[in-house]
Amino acid sequence: MTTWTPFVLDAPLNERMLCLEASAGTGKTYTIEGLITRLIIEEGIEINELLVVTFTRAATAELRTRIRSVLEVTRQVLEQGDDSSFEGELHAVVPILMGNIDNKTKALRAIHRAIEGFDEAQISTLHGFCQRALQEHAFESGVPFEVELVQSTDTLLQE
């Protein structure tokens, strides 16, 4: 029997791979936003080195918007120097970061790179991830470069 350890946002980041699984409305998106921000600042991981996969296009769009928003808020707080004078809603990760950061200049550089390179973030649906993987590894997978995955074969069957 597998025992699951609950993930706590301020826990030490010592895992190279993390799977968050929970029911709807339990804070997965909120946790992912904070986790990504911590990985970028505390671990120095570039935004394009992270992979976030979800099921629907709507969830993907929401994740992209919310992650970028947390990165922007974190940047603003870092530039101000503390979170006490910030006007607006703070994500729970911001006070955690403010307590963990030794070098604010390094943290600001990391957050700026993440925001500037946000279009390269690999936040997609499972379907989108598979299509990109097949295109990037066309030779190894033996599929054409312009392969298109379809969600339903109904149209093809009708043709």
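Any idea which of VAL94, SER23, ILE45 is furthest toward the positive side of the dipole for region 6-159, if Lys and Arg beta-carbons carry +1 and Asp and Glu beta-carbons -1?
The Cα lying farthest towards the positive end belongs to VAL94.
Can you tell me the dipole magnitude for region 41-159 around its Cα centre, using point charges on the Cβ only (Lys, Arg +1; Asp, Glu -1), in Debye to the nearest 20?
Working: 10 positive and 21 negative charges, 41 e Å.
In total the dipole reaches around 200 debye.
Kindly provide the GluC sites (Glu not before Pro) of region 10-88 that DSSP labels as loop, not H, G, I, E or B, and whose Cβ sees at most 16 other Cβ atoms within 10 Å. If you can, show how the numbers build up before the last one.
Details: sites: GLU15, GLU21, GLU33, GLU42, GLU43, GLU46, GLU49, GLU62, GLU72, GLU79, GLU87; in loops: GLU15, GLU21, GLU43, GLU46, GLU87.
Sparse-neighbourhood loop GluC sites (Glu not before Pro): GLU15, GLU21, GLU43, GLU46, GLU87.
With a probe of 1.4 Å, find how much accessible area the chain has per residue, and write the answer as a whole number in Å².
On the way: 10750 Å² over 159 residues.
Heavy-atom accessible area per residue stands at 68 Å².
Counting chymotrypsin sites (Phe, Trp or Tyr not before Pro) as exposed when in a DSSP loop with at most 11 other beta carbons within 10 Å, what is the longest stretch of the chain free of them? Each step should come with its number before you reach the end.
Values: sites that count: TRP4, PHE55, PHE145.
Here the longest segment lacking exposed loop sites spans 56-144.
Once Rh for the chain is found with the Kirkwood sum over Cα pairs, what is the Stokes-Einstein diffusion coefficient at 10 °C and 1.306 mPa s, in µm²/s? Walk me through the numbers on the way to the answer.
Working: Rh = 17.7 Å.
Calculated translational D: 90 µm²/s.
Would you rank VAL143, VAL77 by solvent-accessible area, highest first, keeping every protein chain in place and using a 1.4 Å probe?
VAL143, VAL77
Using a 1.4 Å probe, how large is the accessible area of THR65, given in Å² and rounded to the nearest 10?
Ignoring ligands and nucleic acids, THR65 comes out at about 100 Å².
Counting other Cβ atoms within 10 Å, which trypsin sites (Lys or Arg not before Pro) in region 6-84 have at most 12 and lie in a DSSP loop?
Details: sites: ARG16, LYS28, ARG38, ARG57, ARG64, ARG66, ARG68, ARG75; in loops: ARG16.
Qualifying residues, ordered by number: ARG16.
Can you show me the helix-derived [θ] at 222 nm for the chain, built from DSSP H runs with n ≥ 4 at -39,500 (n - 2.57) apiece and divided by the number of residues, rounded to the nearest 500. Spell out each step's value before the answer.
Details: 7 runs with 80 residues, N = 159.
Computed mean residue ellipticity for the chain: -15500 deg cm²/dmol.
What are the extents of the Cα atoms of region 56-110 along their three principal axes, in Å, largest first?
Rounded to whole Å, the extents work out to 38, 23, 16 Å.
For region 3-50, max minus min Cα coordinate along each principal axis, in Å, sorted largest first?
29, 21, 17
Residue by residue, what Karplus-based ³J(HN,Hα) values in Hz, rounded to whole numbers, does region 126-131 have, using 6.51, -1.76 and 1.60 with θ = phi - 60° and x for Gly and Pro?
Per residue, the Karplus-derived 3J(HN,Hα) values read 4, 4, x, 4, 4, 5 Hz.
What is the percent carbon and sulfur in the accessible area of the chain, measuring with a 1.4 Å probe over the protein chains and ignoring ligands? Present the calculation step by step, with values, prior to reporting the outcome.
Numbers: 5590 of 10750 Å².
Answer for the chain is 52 percent, counting heavy atoms of protein chains only.
Viscosity 0.692 mPa s, temperature 37 °C: what is the translational diffusion coefficient of region 84-159 from Stokes-Einstein with a Kirkwood Rh over Cα pairs, rounded to a whole number of µm²/s?
Rounded, D is 194 µm²/s.
Relative contact order of the chain, please, whole-number percent, based on alpha carbon pairs below 8 angstrom and at least 6 residues apart. Could you put the intermediate results ahead of the total?
Details: 134 pairs, mean separation 44.5, N = 159.
Relative CO of the chain lands at 28 percent.
The values are calculated or read from the model by the stated rules, or taken from the named source; none is laboratory data. A quick note: this is a predicted structure, and the numbers were derived from the prediction, not measured. Backbone-built Cβ (ideal geometry, glycine too); neighbour counts: all protein chains shown. Remember, those area values only see protein heavy atoms, side chains included, never the ligands or the DNA or RNA. Shrake-Rupley method; radii C 1.70, N 1.55, O 1.52, S 1.80 Å.
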